[in-house]
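Readers should treat all values here as calculations from the given coordinates under stated rules, not as data from a laboratory. Small disclaimer: the values here were computed from a predicted structure and weren't measured. As a convention, Cβ positions derive from the backbone with ideal geometry for all residues, glycine included, and neighbour counts pool all protein chains shown.
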Amino acid sequence: MLGGEENVELIELLDIADSYCADHGSAVDVWRDSYEKTIDIVRSNVLVWYEELYPILKPKSVERIFEKSMGIRDGVKLVLRGTADWIDESGVIWDWKNPSRHYEVWEKKRWDIQSHAYTWAYGKEQFNLAVMAKGKLQVIEIERTEAHKAAFVELCWSIVPTLLTIDEAVTWPQRWEGWHCSPKWCPVWQAGKCRGKLLGDNPF
Ligand code: SF4
């Protein structure tokens, strides 16, 4: 409960998680694990969040939406929108992740974009990733300086010329590095375009 006036009980949280999965499970097209195993993972991640993070955090805001202008250049106004999972009273922005395994810390510190974006948007320096994987917690603390934020703004502006020229004759540069570049996750692939045009729906 915001303000710490009332504590939610673990049993309530687990009930909410169970109900959510039951209500929305039918909307999932592809299950990477069985429903039962997925529920076990959800429950173990809720448990670790409740036992290890909840006691040490005090929310200033939860699911706070931002919309912030990056300025105007050559007649183009660039606006960034997003939602922060949790901004703590300490000033630290927290984001919850539930991947299948823990992250490499150096990778997140070097190229995580969300930390750049949110620290820029809220005028903060500290962004923590709370990574819950199979019931184990990993906390990655990322500091973003004013130089990081300035670089991030230029990164965003760098895509504007491409956006402005997009039409049927211009193709977007392909990127194969993400987990989502797969027939399981990418709708463009699934539609038989991009890599799906050549590799089909079961290439790996
Ligand atoms: S298949 Fe999807 S994720 Fe991969 S490069 Fe093409 S559009 Fe991007």
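Looking at the stretch 104-204, which GluC sites (Glu not before Pro) are in a loop (DSSP not H, G, I, E or B) and have at most 13 other Cβ atoms within 10 Å?
On the way: sites: Glu104, Glu107, Glu125, Glu141, Glu143, Glu146, Glu154, Glu168, Glu177; in loops: Glu104, Glu125, Glu168, Glu177.
Counting only loop positions with at most 13 other Cβ atoms within 10 Å, the GluC sites (Glu not before Pro) in the stretch 104-204 are Glu104, Glu168, Glu177.
Using DSSP to define loop residues, name the trypsin sites (Lys or Arg not before Pro) in the stretch 108-204 whose beta-carbon has at most 10 other beta-carbon atoms within 10 Å.
Counting only loop positions with at most 10 other Cβ atoms within 10 Å, the trypsin sites (Lys or Arg not before Pro) in the stretch 108-204 are Arg175.
Available extension along the chain between Trp31 and Thr83 is 16.1 nm, counting 0.36 nm per residue and deducting the alpha carbon span.
Counted residue by residue at 0.36 nm each, then reduced by the alpha carbon distance between them, the extension gain from Glu67 to Lys184 reaches 39.0 nm. Each stretch of four or more DSSP H residues adds -39500 (n - 2.57); spread over every residue of the chain, this sum gives -10500 deg cm²/dmol at 222 nm.
The alpha carbon centroids of the stretch 139-204 and the stretch 61-80 are separated by 20 Å. The orientation-averaged projected area of the convex hull spanned by the Cα atoms of the chain comes to 14.2 nm².
Model label sites at Glu141 and Ile56, defined 7 Å from Cα along the beta-carbon direction, differ in position by 0.9 nm.
Each residue of the stretch 145-160 was assigned a 3J(HN,Hα) from its phi angle through the Karplus curve 6.51 cos²θ - 1.76 cosθ + 1.60 (θ = phi - 60°); the sequence is 7, 4, 5, 4, 5, 5, 5, 5, 4, 5, 4, 5, 5, 5, 8, 4 Hz, with glycine and proline shown as x.
Measure up Lys77/Lys149; Lys108/Lys197; Lys37/Lys136; Lys108/Lys136; Lys58/Lys124 against 21 Å on the Cα-Cα distance and list the ones that go over. Don't skip to the answer; put the middle values down first.
Details: Lys77/Lys149 18 Å; Lys108/Lys197 32 Å; Lys37/Lys136 16 Å; Lys108/Lys136 18 Å; Lys58/Lys124 16 Å.
Over 21 Å Cα-Cα: Lys108/Lys197.
Between the amide H of Gly135 and those of Asn45, distances stay under 5 Å, these residues lying 5 or more places away or on another chain, with hydrogens modeled in the peptide plane. In plain terms, the chain from Glu154 to Leu14 could stretch by 46.1 nm, reckoned as 0.36 nm per residue minus the Cα-Cα distance.
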